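Novice: A single structure is presented below for examination.
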Amino acid sequence: MKTGFRQSMAWLHGWAGLVLGWLLFAMALTGTATVFRSEIGDWMRPEVTAAPDQVKATAAAIRYLEKAAPNAPAWYLTAPDDRQSTIEASYADGDDYRFAALDPNSGRPDGIRETLGGEFFYRFHFELQLPYPWGRILASAAGMLMLVALISGIITHRRIFADFFTLRTGKGKRSWLDAHNVLGVLAMPFHLMITFTGVLTLVTLTMPWGLVANYGKDTTTMFAEVAPGYFERERSGRPAPLGDVEAILADARRRFDGGRIGNVAVENPGDAAAVIQVLRDDADQLGYSAGKLAYDGVTGRLLTAYAEDRPAKKTFDVLYGLHMGRFAPWVSRWLYFLCGLALSATIASGLVLWTVSRPEGRGFGHHLVARLTVGTVAGLPIAMAAFFWANRLAPVGLADRPGIEVRAFFLCWAAAMLFGLARAPRRGWAELTAMMGLGWLLLPLVSALTTARGLPASLIHGDWLFAGFDLVALAIGCGALMTALHLHRRQPAAPRRRRPALA
């Protein structure tokens, strides 16, 4: 380690960012996409239009489940809202667990394409497509390293705020350092907040000793105390149809003081002991802790009402809510998105800076890091575009459509990494960035050719969700192509071979 405190922090900053830097970049960029998880889900289901009424739509979905899954022990639904048109339903079917996207107008799944939508990016950014709990543990470890990199970076840069106003282009290493500093300082409070709260959301996996000391293996008691308010009762064995579901949901909205319905759980359906649990939309408040109401599913009588009032739990819920950003109105969501892009670019520029700060002759390790950085950083946006392309090109009725989308994502990312390994870094950056630009630029065209909600139609009918997605894709594509053109022009000229003189 280097001598001197600041030099030691510089050493720590560099290596903490490098060890899991590629993983951190993937987590940051997919997490940034998660800001618009609901909107991405709607774009990937172009057959679905907005719900006319949240209560009527949810009630229609429950009536459908009465016929489609009468023997399920419970049904779980996510109600539509102003950001998500689709009703998401799930239930146990023997040893299997079924998921369905339901049309808010009919309550049925007919004609809706199967897709993971924005849920894929959400899950990937903290599970990394690995089995539980290993993906979450790895993501938590990466988050801790990110905190170390952020704090050591603040200590290292004595003139960090002065450097914010310094950006020298065309200066090689100096330019990368300036870009890294500007991007880091630009949204430093956000970087610290999103990293710390991200680590906090997984703290029970990385530091479980408090739970073990208090509850041991009694997880039932633990969950009952951590998240109270759920009303449970055994099946009576006496068949009975559900009562007026629409009236129950309307009463819940009234008791939420104008708030929206978030999730609905129907337990013991078809039994005299049926219970309908209604949770308030978690986007109605900063704290990620919704009020809960429990109704008798047959009579409609209110059984219990719960609102969180424990200071420690409310503090955690606020920190969790800050990370999720569900509370944010559209202006704040765009700020989350832009700050997330700044965080992703900070990580990417740090990885590039690590390689350009070292002489070319450092050997195999240096070359491997440089080329992996090209494939990982430039390849991930290509993979994300491929995910959306697969959604539009795979036939609607094709089996395992979600799996096809995911495989398209990983195959394209792997291909980009191999391409980056095979090409010199300078050429790899230019060529992969050009591919990224084409992938995103052509995405709105593919969408227009395969659906009735292309960009021209969306602009004419004021369909701003679809128009906004396509315009962002065009902006990404144009920006990437301009970057690729700039990188291509900066390629060093090949040395000319001198012809031998004639005797």
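The values are calculated or read from the model by the stated rules, or taken from the named source; none is laboratory data. Computed from a prediction, not measured in an experiment: that's the story for all the values here. Cβ coordinates were reconstructed from backbone atoms using ideal geometry, including for glycine residues, and neighbour counts include every protein chain displayed.
Novice: Against the condition in contact with a Gly (Cβ under 8 Å, 6 or more places away or on another chain), at pLDDT 95 or above and surrounded by fewer than 19 Cβ atoms within 10 Å (Cβ to Cβ), how does ARG407 come out, does it pass? Step through it out loud before you land on a result.
Specialist: On the way: in contact with a Gly (Cβ under 8 Å, 6 or more places away or on another chain): no; at pLDDT 95 or above: yes; surrounded by fewer than 19 Cβ atoms within 10 Å (Cβ to Cβ): yes.
Here the answer is no, as ARG407 does not meet what is asked.
Novice: Go through (1) in a helix (DSSP H, G or I); (2) over 18 Å from the mean Cα position of the chain (by Cα); (3) modelled with pLDDT of 95 or more and name the single condition LEU319 misses.
Specialist: (2)
Novice: Further, regarding this structure: Picking from THR315, THR346, which residue would you name as being over 28 Å from LEU12 (Cα atoms) and of a type in the set (S, T, N, Q)? Give the derivation first.
Specialist: Values: THR346 fails: over 28 Å from LEU12 (Cα atoms).
Being over 28 Å from LEU12 (Cα atoms) and of a type in the set (S, T, N, Q) holds for just one of THR315, THR346, which is THR315.
Novice: Quick check on SER289: is it touching a residue at least 60 places away in the same chain (Cβ under 8 Å), out of contact with any strand residue (DSSP E or B) (no Cβ under 7 Å at 6 or more places or on another chain) and polar (S, T, N, Q)? I'd like the intermediate steps shown before the answer.
Specialist: On the way: touching a residue at least 60 places away in the same chain (Cβ under 8 Å): no; out of contact with any strand residue (DSSP E or B) (no Cβ under 7 Å at 6 or more places or on another chain): yes; polar (S, T, N, Q): yes.
So SER289 fails the test.
Matching residues to (1) at pLDDT 90 or above; (2) outside the structural domain of VAL264 (by TED's automatic domain parsing); (3) in a loop (DSSP other than H, G, I, E, B):
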| position | (1), (2), (3) |
| --- | --- |
| ALA89 | yes, no, no |
| ALA141 | yes, yes, no |
| LEU145 | yes, yes, no |
| ILE155 | no, yes, no |
| ALA162 | no, yes, no |
| LEU167 | no, yes, yes |
| VAL182 | no, yes, no |
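Novice: Scan segment 330-382 for residues that are within 20 Å of ARG174 (Cβ to Cβ), part of a helix (DSSP H, G or I) and of a type in the set (D, E, K, R) and report the count.
Specialist: Total meeting the criteria: 2.
Novice: Hey, could you check segment 431-473 for residues that are under 25 Å from CYS412 (Cα atoms) and in contact with a Pro (Cβ under 6 Å, 6 or more places away or on another chain) and say which is surrounded by the fewest Cβ atoms within 10 Å (Cβ to Cβ)?
Specialist: Among those that are under 25 Å from CYS412 (Cα atoms) and in contact with a Pro (Cβ under 6 Å, 6 or more places away or on another chain), it is THR451.
Novice: Moving on to the next point. Residues that are at pLDDT 95 or above and either assigned by TED's automatic domain parsing to the domain that holds VAL266 or of a type in the set (Lys, Arg) (or both): does segment 333-340 have at least one? I'd like the intermediate steps shown before the answer.
Specialist: At the first step, the residues of segment 333-340 found to be at pLDDT 95 or above are 333-340.
Next, from what is left, pick out any that are either assigned by TED's automatic domain parsing to the domain that holds VAL266 or of a type in the set (Lys, Arg) (or both): 333.
The answer is yes, given that some residue of segment 333-340 is at pLDDT 95 or above and either assigned by TED's automatic domain parsing to the domain that holds VAL266 or of a type in the set (Lys, Arg) (or both).
Novice: So, one more: Sort through ILE151, ILE137 and tell me the only one that's β-branched (Val, Ile, Thr), in a helix (DSSP H, G or I), under 22 Å from THR195 (Cβ atoms) and at pLDDT 95 or above.
Specialist: Only one candidate passes the filter, namely ILE137.
Novice: Restricting the search to segment 245-265, which residues are in a loop (DSSP other than H, G, I, E, B) and surrounded by 13 or more Cβ atoms within 10 Å (Cβ to Cβ)? Walk me through it before giving the result.
Specialist: Start the filter on segment 245-265 by keeping residues that are in a loop (DSSP other than H, G, I, E, B), which leaves 256-260.
Listed by number, the residues that qualify are PHE256, GLY259, ARG260.
Novice: Also: Go through segment 110-127 and give me each residue that's without any contact (Cβ under 8 Å) to a residue 12 or more places away in the chain and in a loop (DSSP other than H, G, I, E, B). Step through it out loud before you land on a result.
Specialist: Of all residues in segment 110-127, those without any contact (Cβ under 8 Å) to a residue 12 or more places away in the chain come to 110, 123.
Correct list: ASP110 only.
Novice: Okay, moving on. Scan segment 99-135 residue by residue and report those that are under 11 Å from the mean Cα position of the chain (by Cα) and of a type in the set (Ser, Thr, Tyr).
Specialist: TYR122
Novice: Is it the case that some residue within segment 15-27 is within 26 Å of ASP400 (Cα to Cα) and not acidic (Asp, Glu)?
Specialist: In the first step, residues of segment 15-27 are kept if they are within 26 Å of ASP400 (Cα to Cα); the result is 26-27.
Retained after the next criterion (residues that are not acidic (Asp, Glu)): 26-27.
Within segment 15-27, one or more residues are within 26 Å of ASP400 (Cα to Cα) and not acidic (Asp, Glu).
Novice: Right, here's the next one. Can you report the number of residues in segment 1-53 which are in a loop (DSSP other than H, G, I, E, B) and of a type in the set (Val, Ile, Thr)?
Specialist: Residues of segment 1-53 in a loop (DSSP other than H, G, I, E, B): 1-4, 20, 35-36, 44-53.
Next, from what is left, pick out any that are of a type in the set (Val, Ile, Thr): 3, 35, 48-49.
Going through segment 1-53 one residue at a time, the tally reaches 4.
Novice: Another one. So which residues in segment 176-226 are surrounded by 13 or more Cβ atoms within 10 Å (Cβ to Cβ) and aromatic (Phe, Trp, Tyr), if there are any at all?
Specialist: Correct list: TRP176, PHE190, PHE196, TYR215.
Novice: Residue under question is LEU279, and the condition is that it be in a strand (DSSP E or B), within 25 Å of the chain's Cα centre (by Cα) and either of a type in the set (A, V, I, L, M, F, W, C) or within 17 Å of ILE62 (Cα to Cα) (or both); does it hold? Break it down stepwise before answering.
Specialist: On the way: in a strand (DSSP E or B): yes; within 25 Å of the chain's Cα centre (by Cα): yes; either of a type in the set (A, V, I, L, M, F, W, C) or within 17 Å of ILE62 (Cα to Cα) (or both): yes.
Spelling it out, LEU279 is indeed in a strand (DSSP E or B), within 25 Å of the chain's Cα centre (by Cα) and either of a type in the set (A, V, I, L, M, F, W, C) or within 17 Å of ILE62 (Cα to Cα) (or both).
Novice: Return the only residue of LYS56, LYS67 being of a type in the set (Lys, Arg), in contact (Cβ under 8 Å) with a residue 24 or more places away in the chain and part of a helix (DSSP H, G or I). Please lay out each step first, then the result.
Specialist: Details: LYS67 fails: in contact (Cβ under 8 Å) with a residue 24 or more places away in the chain.
Unique residue meeting the criteria: LYS56.
Novice: Just the residues that are within 30 Å of LEU130 (Cα to Cα) and either at pLDDT below 95 or in contact with a Ser or Thr (Cβ under 9 Å, 6 or more places away or on another chain) (or both), please, taken from segment 39-72.
Specialist: Correct list: ILE40, GLY41, ASP42, TRP43, MET44, ARG45, PRO46.
Novice: Follow-up. Give the residue, chosen from VAL264, VAL212, that is farther than 30 Å from LEU29 by Cβ, among the β-branched types (Val, Ile, Thr) and modelled with pLDDT under 95.
Specialist: Every option except VAL212 fails the conditions.
Novice: Additional query: Tally time: how many residues in segment 70-100 are crowded, with 20+ Cβ neighbours inside 10 Å, among the hydroxyl-bearing types (Ser, Thr, Tyr) and either under 16 Å from ASP271 (Cβ atoms) or free of Cβ contacts under 8 Å to residues at least 60 places away in the same chain (or both)?
Specialist: Residues meeting the conditions: 3.
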